[in-house]
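Following: one structure in C-alpha cells, then a few remarks.
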Amino acid sequence: QVENGHYLRIYMGHLRHKLEDDPAQPRYLITETAVGYRLMLPA
C-alpha cells in the first residue's frame, strides 16, 4: 500500500510538469490533505 502511494506521487508530479505553467504552484492538480487529489478546471 505504501509503495503505491509513492508511485502515485511520482505520477502526479509528472502530470503537473506536463500540465501546469508552474508545477510548484499548481492550479489544476490540487493536493487535498488526507483526501487525495482534485482536478480544478477553469470556468
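Since every read-out is calculated from the coordinates, none of them should be taken as a lab result. Given the structure is predicted, the values throughout are model-derived calculations rather than measurements. Please note: Cβ atoms are built from the backbone with ideal geometry, for glycine as well, and neighbour counts cover all protein chains shown.
Residue count for segment 6-26 under the criterion of being part of a loop (DSSP other than H, G, I, E, B), surrounded by fewer than 10 Cβ atoms within 10 Å (Cβ to Cβ) and not acidic (Asp, Glu): the result is 2. Number of residues in segment 14-40 that are of a type in the set (D, E, K, R) and under 8 Å from the mean Cα position of the chain (by Cα): the value is 2. Considering only residues in segment 32-43 that are touching a strand residue (DSSP E or B) at 6+ places or on another chain (Cβ under 8 Å) and either touching a residue at least 12 places away in the same chain (Cβ under 8 Å) or not in a strand (DSSP E or B) (or both), the one that is surrounded by the fewest Cβ atoms within 10 Å (Cβ to Cβ) turns out to be Met40.
Considering only segment 1-13, state which residues are under 11 Å from the mean Cα position of the chain (by Cα) and of a type in the set (Gly, Ala, Ser). Correct list: Gly13 only.
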